[in-house]
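Let me begin by presenting the structure, written as structure tokens, before commenting on it.
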Amino acid sequence: MPISRCNSVGFQLLFAIAMLIASVAMLSPTTPKVDIEFDYLDKLVHLGTFAVLAFLLDSGWSESSYSFKKWGSLLIYGLAIEVAQHYIPNRAFEWMDWVADGAGLVFYGFFILPLLRRLNLR
């Protein structure tokens, strides 16, 4: 089922909001406190965030395929966030965060997108 032009605009708006929220969260000097003790929680958050961003970007501009133009721009965004975090107090550049961002893009492209296609939703 193709995404209509109206739905595409809705996904574009959701993508813009998600990018704003992700940017503010990743660039704020303090990180939220969570009571969950899990060593890789931060990496799972990165993976999930970028999988959602990939879904919204791909759905917002559904006339083109999920190609380098889409996932590459999000990967560059993730790298830019990591570089910016180097200059923010209480934050640091972490290669593994960027790897987790890329893993989220791969997760969307290889698992979520094929599932959406099988369910005839994309």
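Only the coordinates and a few stated rules stand behind these numbers; no lab work does. Model, not experiment: these values are computed from the prediction. Reconstructed Cβ throughout: ideal geometry from the backbone, glycine too, with neighbour counts over all protein chains shown.
Mind jotting down the three principal axis lengths of the range 53-122 based on Cα atoms? Whole angstrom, largest first.
46, 19, 16
Among Val106, Val45, Val24, whose mean-square fluctuation peaks in a Gaussian network model of the chain (Cα, cutoff 10 Å)?
Val24
If N is the number of residues in the chain, what value comes out of its Cα radius of gyration divided by 2.2 N^0.38 Å?
The reported ratio for this selection is 1.11.
What angle do you read, to the nearest 10 degrees and between 0 and 90, between the alpha-carbon axis of helix 95-107 and the longest principal axis of the chain?
20 degrees
Taking only Cα atoms and a 10 Å spring cutoff, compute GNM fluctuations for the chain and point out the largest among Ala103, Ala16, Ala51.
Looking only at Ala103, Ala16, Ala51, the biggest GNM fluctuation is shown by Ala16.
Please list 3J(HN,Hα) in residue order for the range 61-68, calculated via the Karplus relation 6.51 cos²θ - 1.76 cosθ + 1.60 where θ = phi - 60°; whole Hz, with x for glycine and proline.
Working through the residues one at a time gives 10, 6, 6, 10, 6, 7, 10, 4 Hz.
What angle do you read, to the nearest 10 degrees and between 0 and 90, between the alpha-carbon axis of helix 41-60 and the longest principal axis of the chain?
30 degrees
Report the full-extension gain for the segment Leu44 to Phe111: residue separation times 0.36 nm, less the Cα-Cα distance, to one decimal in nm.
In short, 22.5 nm is gained.
For a quick check: sort Arg5, Arg122 by the number of other beta carbons within 10 angstrom, fewest at the front. Walk me through the numbers on the way to the answer.
Details: Arg5 10, Arg122 18.
Arranged by neighbour count, lowest to highest, Arg5, Arg122 become Arg5, Arg122.
Of the chymotrypsin sites (Phe, Trp or Tyr not before Pro) in the range 1-99, which ones lie in a loop per DSSP and count no more than 13 other C-beta atoms within 10 Å?
Here the chymotrypsin sites (Phe, Trp or Tyr not before Pro) that fit, given the DSSP loop and packing criteria, are Phe38, Tyr40, Tyr87.
Note down the magnitude of the dipole of the chain about its Cα centre, charges +1 on Lys and Arg C-beta and -1 on Asp and Glu C-beta and zero elsewhere, to the nearest 20 debye.
580 debye
For labels at Ala16 and Tyr87 in the simple 7 Å Cα→Cβ model, what's the distance in nm?
2.6 nm
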